[in-house]
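Asks: Just dropping this structure here.
The values are calculated or read from the model by the stated rules, or taken from the named source; none is laboratory data. As the structure is a prediction and not an experimental result, all values here were calculated from the model. Counting neighbours? That spans all protein chains shown, and the Cβs are built from the backbone with ideal geometry, glycine included. Only protein heavy atoms, including side chains, enter the accessible area calculation; ligands, DNA and RNA are left aside. Shrake-Rupley method; radii C 1.70, N 1.55, O 1.52, S 1.80 Å.
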Amino acid sequence: MENLEKKIIVNDLDFYYGDFQALENISLEVPVNKVTAFIGPSGCGKSTFLRTLNRMNDLIAGTKVDGEVLIDSENIYHECVDVVNLRKRIGMVFQDPNPFPKSIYENVAYGPKAHGIKDKDKLDQIVEKSLRQAALWDEVKDRLDKSAMGISGGQQQRLCIARALSVNPDVLLMDEPTSALDPIATAKIEDLIEDLKKEYTIVIVTHSMQQAARISDYTAFFLMGDLIEHSLTQNIFEKPENKKTEDYITGRFG
Amino acid sequence: MKKAKEKSLVNCNLNSHKSADIKQRIGFGILRISVLIILVLLAVIIYDIISKGIGVISWEFLSQPPRRGMTEGGIWPAIIGTVFVTMMTAVFAVPVGVFAAIYLNEYAKQGKRTRIIRMAIRNLAGVPSVVYGLFGVALFVRRFAFGTSILSAGLTLGLMTLPVTITASEEALKAVPNSYRHGALALGVSKWHSIKTNVLPHAISGIMTGAILGLSRAAGETAPILFTGAAYSLPRIPSSLSSQFMALPYHLYIMSTQHSNIEMVRPIAYGTALVLISLVLIMNLGAIFIRSKFRNKH
């Protein structure tokens, strides 16, 4: 990993929900245009950590962050950071598909419109490009004006990916994006992630070790708020260095 | 082991089924009777007012001012006065109430302070309307020197409806799933933009319903306008915000208690009541219409 360009560098990160320390002294590097997976049992802090990368935790009252998160060598917790701009660059896909109750077209056009793009042709282009990137275009191109609530869960999740891509981020954070989906829809999203890493740096939280093994280049294993091990996915699953990692991937707990 | 302790589904002792069944029936019966009591009371009131008031309703009654010491003519100035003062109330209470609710629900740091504010707002809803009337006199009529006018009365009624508007708006905002907010914020959209485009549109039907219900209550109030702007008799329709005005509820009050010949004007009083509840009913239908219209959109 040493030779790769780093997109995200986290140094000595602590995170607190009120008095409860959810993350302790996390340091980790995310290489550009790779898929990095966070695995670990429920409550280990992997989702919390993911949300520190686009500061979505700011929305929860009583949380506190120490340490730094550098994205393209800029600390996103610096007091002068524009959080709105940050989130434009760091896209996010949530655990449960959360399309807006608008048409398919309006879902994808929402972000670009909010950022001031008014030209109809330009918006059309962005919508088509984003939906194609999310491998959804062919399925919905004839019903763009229909409500996004009427498509299947898997399609909704790909729509949410298209929506995240519409504002042209560099990084895509995915918080267990397939946990609410059936195996076929899951496979589609996994294929999609393979394609997307050519253009985006992807960080994915998953509760499924198989998924991490299938799609990620690097894997980080979290346990009780600690980062136990972070390495090439192959190494993590074939020759883990830490006993706890080995116990987890062999299914001895979690 | 655990299974054995549970009651078997097949139980030939039918009495145990029956006693549960009877209890359930009694429970449903009580609920049903409660609904029935409400419906019957409502029907009786409406029937009473319609049957006694319909006789005086005519185009003249709706379009003419009262004549001959209010024994003849119509109630046009009172209708228009009520409409005007309700509009004044809406102009004040709806934006202030909605913005306050947005602040409380979306921006204010949730904690002890917001809890106290909410409690205060709910308590304000329970303050007797006559107290609002006195407060309106002290603040709007005297201190701000708006005089007895549509402005003072509208603002007073507005204060009275604010708790309803704020509470209803907050409930409507709370009902919008957080995933809409977070989904928008994660796209790098500003907080206000996400509220404006992705939260308010989904809360608007609830907000409007609450606002209109509050306003329809304001339209029927007497005490708050009694000292702040309503006139005993005023043959002209009000010409500006600083005019006094006639209002349906106050007119009704006069016709049933203050008139020199109450027995004689009783039909007019019932006619006035009929017009007032029709007005309120129209407003409530408007609320239903708005709600269904916005609901169909999504």
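Asks: Is it the case that some residue within the range B:206-213 is over 17 Å from B:ASN105 (Cβ atoms) and more than 14 Å from every other protein chain (Cβ to nearest Cβ)?
Replies: Within the range B:206-213 (the criterion being over 17 Å from B:ASN105 (Cβ atoms) and more than 14 Å from every other protein chain (Cβ to nearest Cβ)), the answer is yes, since at least one residue qualifies.
Asks: Then there's this: So which residues in the range B:171-189 are open to solvent by 50 Å² or more (accessible area, probe 1.4 Å) and over 29 Å from the mean Cα position of the chain (by Cα)?
Replies: From the range B:171-189, those open to solvent by 50 Å² or more (accessible area, probe 1.4 Å) are B:171, B:174-175, B:177-178, B:182; that's our starting set.
Scanning the range B:171-189 gives a single hit, B:HIS182.
Asks: Something else: Hey, can you tell me all the residues within the range B:50-76 that are touching a Pro at 6+ places or on another chain (Cβ under 6 Å) and not in a helix (DSSP H, G or I)?
Replies: Residues satisfying the conditions are B:PRO65, B:GLY73.
Asks: Name the pairs: first residue in the range A:111-137 and among the aromatic types (Phe, Trp, Tyr), second residue crowded, with 18+ Cβ neighbours inside 10 Å and part of a helix (DSSP H, G or I), Cβ to Cβ under 7 Å, at least 6 apart or on different chains?
Replies: Close Cβ pairs (under 7 Å, with a partner that is crowded, with 18+ Cβ neighbours inside 10 Å and part of a helix (DSSP H, G or I)) amount to A:TRP137/A:LEU131.
Asks: Looking only at residues that are β-branched (Val, Ile, Thr) and touching a residue at least 24 places away in the same chain (Cβ under 8 Å) in the range B:248-287, which one is surrounded by the most Cβ atoms within 10 Å (Cβ to Cβ)?
Replies: Here is the first cut: in the range B:248-287, the residues β-branched (Val, Ile, Thr) are B:254, B:257, B:262, B:265, B:268, B:272, B:275, B:277, B:280, B:282.
Within this subset, residues satisfying the condition of being touching a residue at least 24 places away in the same chain (Cβ under 8 Å) are B:254, B:265, B:268, B:272, B:275, B:277, B:280.
Numbers: B:ILE254: 22, B:VAL265: 22, B:ILE268: 24, B:THR272: 28, B:VAL275: 23, B:ILE277: 18, B:VAL280: 21.
Once the filter is applied, the top-ranked residue is B:THR272.
Asks: Identify the residue in the range B:39-73 that is of a type in the set (Ser, Thr, Tyr) and either modelled with pLDDT of 85 or more or over 18 Å from B:VAL265 (Cα atoms) (or both) and, among all such residues, is farthest from the chain's Cα centre (by Cα). Full working, then the answer.
Replies: Here is the first cut: in the range B:39-73, the ones of a type in the set (Ser, Thr, Tyr) are B:47, B:51, B:58, B:63, B:71.
Now restrict to residues that are either modelled with pLDDT of 85 or more or over 18 Å from B:VAL265 (Cα atoms) (or both): B:47, B:51, B:58, B:63.
Details: B:TYR47: 22, B:SER51: 25, B:SER58: 28, B:SER63: 26 Å.
Ranking the candidates gives B:SER58 first.
Asks: Which fully enclosed helices (runs of 4 or more DSSP H) of the range A:46-137 have 1 or more residues being more than 9 Å from chain B (Cβ to nearest Cβ) and open to solvent by less than 20 Å² (accessible area, probe 1.4 Å)? First the steps, then the outcome.
Replies: On the way: elements: A:46-52, A:83-89, A:104-114, A:120-133.
Filter on the range A:46-137 gives A:46-52, A:104-114, A:120-133.
Asks: While we're here: I'd like the full set of residues that are open to solvent by 20 Å² or more (accessible area, probe 1.4 Å), touching a helix residue (DSSP H, G or I) at 6+ places or on another chain (Cβ under 7 Å) and not in a loop (DSSP other than H, G, I, E, B), limited to the range B:136-154.
Replies: Narrowing the range B:136-154 to residues open to solvent by 20 Å² or more (accessible area, probe 1.4 Å): B:137-139, B:141-148, B:151.
Of the ones still in play, those that are also touching a helix residue (DSSP H, G or I) at 6+ places or on another chain (Cβ under 7 Å) are B:141, B:146-148, B:151.
Listed by number, the residues that qualify are B:VAL141, B:LEU151.
Asks: Just wondering, is there one or more residues in the range B:215-231 that are away from chain A (no Cβ under 14 Å), open to solvent by less than 50 Å² (accessible area, probe 1.4 Å) and out of contact with any helix residue (DSSP H, G or I) (no Cβ under 6 Å at 6 or more places or on another chain)? Walk me through it before giving the result.
Replies: Residues of the range B:215-231 that are away from chain A (no Cβ under 14 Å), as a first pass: B:215-231.
With the extra rule that they be open to solvent by less than 50 Å² (accessible area, probe 1.4 Å), the set shrinks to B:215-216, B:218-225, B:228-231.
Subset that is out of contact with any helix residue (DSSP H, G or I) (no Cβ under 6 Å at 6 or more places or on another chain): B:231.
Checking the range B:215-231: at least one residue is away from chain A (no Cβ under 14 Å), open to solvent by less than 50 Å² (accessible area, probe 1.4 Å) and out of contact with any helix residue (DSSP H, G or I) (no Cβ under 6 Å at 6 or more places or on another chain).
Asks: I would also like to ask the following. Answer yes or no: is there a residue in the range A:172-184 that is away from chain B (no Cβ under 14 Å), over 19 Å from A:LYS88 (Cα atoms), open to solvent by 10 Å² or more (accessible area, probe 1.4 Å) and β-branched (Val, Ile, Thr).
Replies: Yes, that holds for at least one residue.
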